[in-house]
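The values are calculated or read from the model by the stated rules, or taken from the named source; none is laboratory data. Bear in mind that the values here come from a model prediction, so they are computed numbers and not experimental data. All Cβ positions, glycine included, derive from the backbone under ideal geometry; neighbour counts span all protein chains shown. In case anyone asks, the SASA skips ligands and DNA or RNA and just uses the protein heavy atoms, side chains included. Shrake-Rupley method; radii C 1.70, N 1.55, O 1.52, S 1.80 Å.
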Amino acid sequence: MNTYRIRIAFRNPSGLTFRQLDEVLTQHRFHRAQPCDGLFRYSCEYQLESEEDLCRVCELAYSQACQVRGCPLILVEKTSQK
């Protein structure tokens with residue numbers, strides 16, 4: 001099982017953007033890496049434990065983020081393997 005750290009960023013996002021992103025990604029077993037602290041950010045960090053390879057995780061994160069708002073910036077890092 002691989003653990004991935006995913007950072008998703010948008011240009012000029014609103015609070016609603018990240019709330020919608022949380023709803024979409026939760027359906028695919030993504031978990032927020034940091035709790036919401038009420039501060040305005042341009043990006044959010046998530047974690048995913050999956051058997052999928054790095055390319056598939058990138059594709060999944062990008063396609064789901066595009067459903068919320070166009071042109072997201074996605075950074076995926078493989079952090080560990082169990």
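Which number in (1) of a type outside the set (Asp, Glu); (2) open to solvent by 90 Å² or more (accessible area, probe 1.4 Å); (3) within 11 Å of the chain's Cα centre (by Cα) marks the one condition that ALA33 misses? Unmet for ALA33, out of (1) of a type outside the set (Asp, Glu); (2) open to solvent by 90 Å² or more (accessible area, probe 1.4 Å); (3) within 11 Å of the chain's Cα centre (by Cα): (2). For segment 16-30, the set of residues classified as open to solvent by less than 70 Å² (accessible area, probe 1.4 Å) and either touching a His at 6+ places or on another chain (Cβ under 8 Å) or β-branched (Val, Ile, Thr) (or both) consists of THR17, VAL24, listed by residue number.
For SER43, state whether it is touching a residue at least 40 places away in the same chain (Cβ under 8 Å) and open to solvent by less than 40 Å² (accessible area, probe 1.4 Å). No: the conditions fail for SER43. Summed over segment 46-56, residues that are without any contact (Cβ under 8 Å) to a residue 12 or more places away in the chain and either of a type in the set (Ser, Thr, Tyr) or touching a strand residue (DSSP E or B) at 6+ places or on another chain (Cβ under 6 Å) (or both) total 0. Applying the criterion of at least 2 residues that are among the aliphatic types (A, V, I, L, M) and either at positive phi or modelled with pLDDT of 95 or more (or both) to the strands (runs of 3 or more DSSP E) found wholly in the chain leaves 73-81. A Cβ distance below 9 Å, combined with a sequence gap of six or more or placement on separate chains, defines the contacts here; from segment 2-15, residues that are over 18 Å from PHE30 (Cβ atoms) and open to solvent by 10 Å² or more (accessible area, probe 1.4 Å) reach residues that are part of a strand (DSSP E or B) and not charged (D, E, K, R) in the pairs ARG11/LEU73.
Once segment 59-79 is narrowed to residues that are within 12 Å of ARG5 (Cβ to Cβ) and open to solvent by less than 50 Å² (accessible area, probe 1.4 Å), the residue that is nearest to the chain's Cα centre (by Cα) is ALA61.
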